[in-house]
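Nothing in this text is a laboratory measurement; each read-out follows from the coordinates by a stated rule. If you're wondering where the values come from, they're calculated on a predicted model, not measured in any experiment. Cβ coordinates were reconstructed from backbone atoms using ideal geometry, including for glycine residues, and neighbour counts include every protein chain displayed.
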Amino acid sequence: MSQQCFRMKGTTLTSIVLDVLKFEPDEFEQQLATKIASAPQFFTRSSLILQINAAMSATEFELLVALCKKHQLQPMAVKGKVGALKATINDLGLSDISQSKSTDSQISPSEEGSTVTSTKESSESAEASGKPKIIDRPVRSGQQVYAQGGDLIIVAPVSEGAEILADGNIHVYGTMRGRALAGVKGDTQARIFCQQVEAELLSIAGRFVMQDTIQSQCWKQPAQAYLEDDTLVVSALV
Amino acid sequence: MAKIIVVTSGKGGVGKTTSSAAIATGLALQGHKTVVVDFDVGLRNLDLIMGCERRVVYDFVNVINKEATLNQALIKDKRTDGLFILPASQTRDKDALTMEGVQTVLDDLSKDFEFIICDSPAGIEQGAQMALYFADEAIVVTNPEVSSVRDSDRILGILQSKSMRAEQGKNVKEHLLLTRYNPDRVATAEMLSVADVEEILAVPLVGVIPESEAVLKASNQGAPVILDQESNAGQAYTDAVRRLLGETVEYRFIEAQKKGFFKRLLGGK
Ligand SMILES: Nc1ncnc2c1ncn2[C@@H]1O[C@H](COP(=O)(O)OP(=O)(O)OP(=O)(O)O)[C@@H](O)[C@H]1O
Ligand SMILES: [Mg+2]
């Protein structure tokens with residue numbers, strides 16, 4: 001018998017959903033550019049799920065995809081009002097996931113439950129100085145906080161459904177119930193420290209563990225996460 | 001200047017309108033001139049609970065559209081001095097409220113009242129955001145169950161990012177009001193406990209209202225339950241109002257009742 005060539009595995013990944021509320025090409029492109037400029041490293045080459053909320057023609061949809069690609073985003077799947085677009089979605093090599101279940105969190109600062117910090121702040125101060133960003137109010141479900149160019153320190157709980165990201169390390173002095181992604185630009189030395197870990201997901205430089213794994217390790221305890229030979233390890237603090 | 005307090009929840013049917021009516025009445029009973037404003041345009045519920053549905057001539061939307069003056073639309077409560085109701089329209093759609101219109105009305109009310117209580121519609125969309133936008137403080141109504149707690153968390157996030165005070169870099173003061181609390185079901189772990197909810201939401205508690213038949217009875221009679229001081233729920237709302245006004249009041253009705261014969265004989269209700 002010959003050696004096995006592949007294995008099929010299931011996986012869950014965090015990706016960005018672009019919630020298309022209205023598509024007017026010029027306006028759309030302009031807003032997209034502004035958005036990306038607010039956190040270029042975070043958005044560049046991000047894989048993207050397009051959520052179509054208003055009916056659009058095949059041509060409009062093709063243009064939408066082209067604009068995303070032009071701005072270094074990589075649409076991979078489509079959900080929402082895909083009805084008339086099925087053929088086009090197929091032609092463009094995207095997947096139609098309108099039938100599958102997913103839970104979204106809001107990440108756009110211009111939308112509901114937006115980030116705690118203003119985009120201006122993150123692009124000016126954090127990048128130049130690499131100073132840590134300190135947040136002392138709870139990060140709630142639907143909110144996202146991103147510390148660009150440095151560490152993120154949260155002196156409050158992080159709710160289920162909230163997402164915190166940093167180019168550097170993440171510290172959470174409060175219960176950590178949401179998702180934490182450290183070293184989002186690829187820093188494999190980044191770590192996550194939690195006073196009490198009940199996280200949905202912990203990720204360092206793209207490697208991640210989900211809640212099931214964390215539950216069997218240091219659940220509800222002080223813990224840290226770090227990479228060891230490319231594997232994410234969660235271990236008790238102290 | 002009035003203090004504007006929004007009563008909000010995210011999830012529907014948790015007791016916002018019941019609480020708005022009770023708290024507004026409680027504040028007026030304590031001598032603070034109060035108006036309760038129905039932001040739930042299209043449903044019109046508050047006037048039923050306040051028992052003034054037959055006296056509604058003009059509503060919030062009429063005032064915004066300048067089809068009536070504020071004084072024409074305000075309804076003076078018959079039972080409680082210093083209490084007024086600004087009803088919502090049943091016939092309009094929920095987009096009838098405009099930001100500028102709401103601001104003008106709240107500014108006018110601010111001149112006359114000490115407290116403006118805003119009864120928010122359910123959800124986290126535009127209607128709920130309009131109700132909380134101008135708030136100085138928020139009462140987040142939560143039932144002791146996971147879905148309600150999660151929605152409260154969501155609305156707290158919106159409050160601290162999308163309200164006017166948040167946009168100005170200020171805080172909106174938060175209060176947690178747990179309603180429909182059933183200590184027996186907490187004891188059997190069917191419901192979350194006060195401590196669980198406080199721990200998850202990290203918001204200071206202002207009251208715990210027990211699940212009580214008196215609430216339904218009160219709304220059928222069109223009299224806010226706080227007027228029924230025989231009931232647990234009525235007393236719990238009075239406690240909550242006193243805490244809102246800054247008093248320290250001990251919590252009642254949060255322990256499971258031992259239904260022993262002697263206990264009842266010795267003064268438990
Ligand atoms: N403490 C309580 N005990 C028992 N029933 C209650 C209690 N509080 C509220 N209810 C009942 O729950 C139902 C919903 O209450 P209410 O209308 O106040 O909620 P709401 O949050 O305003 O709803 P909506 O989201 O539809 O505006 C009503 O039938 C009310 O009688
Ligand atoms: Mg209501």
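Values as computed for the structure displayed
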read-out	value
Segments A:130-136, B:43-49, B:139-145, A:227-233 sorted - mean Cβ within 10 Å per residue, highest first	B:139-145, B:43-49, A:130-136, A:227-233
Alpha carbon Rg of the range B:99-159, scaled by the compact-globule rule 2.2 N^0.38 Å	1.24
Cα-Cα separations in chain B greater than 32 Å, expressed as whole percent	19 percent
Percent breakdown of C-alpha pair distances by 10 Å bin, ordered from the shortest bin, for the range B:29-155	12, 44, 34, 9, 0
Shape metrics for the protein assembly as shown, restricted to C-alpha atoms - Rg then Dmax, Å	25.6, 90
Pairwise centroid distance, computed over Cα atoms, of the range A:156-184 with the range B:201-245, Å	37 Å
Two-decimal log10 I(q)/I(0) for the range B:141-267, as the Debye equation yields it once each C-alpha is a single scatterer, q = 0.17 Å⁻¹	-0.99
Most fluctuating residue given options B:17, B:188, B:238, as computed from a GNM of chain B linking Cα atoms under 10 Å	B:188
Given charges at beta-carbon only (K, R positive; D, E negative), |dipole| of the range A:41-98 in Debye	160 debye
Estimated dipole of the protein assembly as shown in Debye, rounded to 20 [Cβ of Lys and Arg +1, of Asp and Glu -1, Cα centre]	860 debye
Of B:54, B:154, B:92, the one that fluctuates the most in a GNM where chain B has Cα springs shorter than 10 Å	B:54
From the C-alpha gyration tensor of the range B:63-109, square roots of 5λ in Å	21, 13, 9
Amide H within-cut-off set for residue A:172, under 5 Å, with H built and near neighbours excluded	A:154, A:193, A:194, A:195
Signed unit charges on C-beta, dipole axis of chain B, positive-most listed residue B:122, B:142, B:106	B:142
Value at 222 nm in deg cm²/dmol, rounded to 500, when DSSP H runs of n ≥ 4 in chain B each add -39,500 (n - 2.57)	-11000 deg cm²/dmol
Among B:130, B:191, B:50: highest mean-square fluctuation, GNM of chain B, C-alpha pairs under 10 Å	B:191
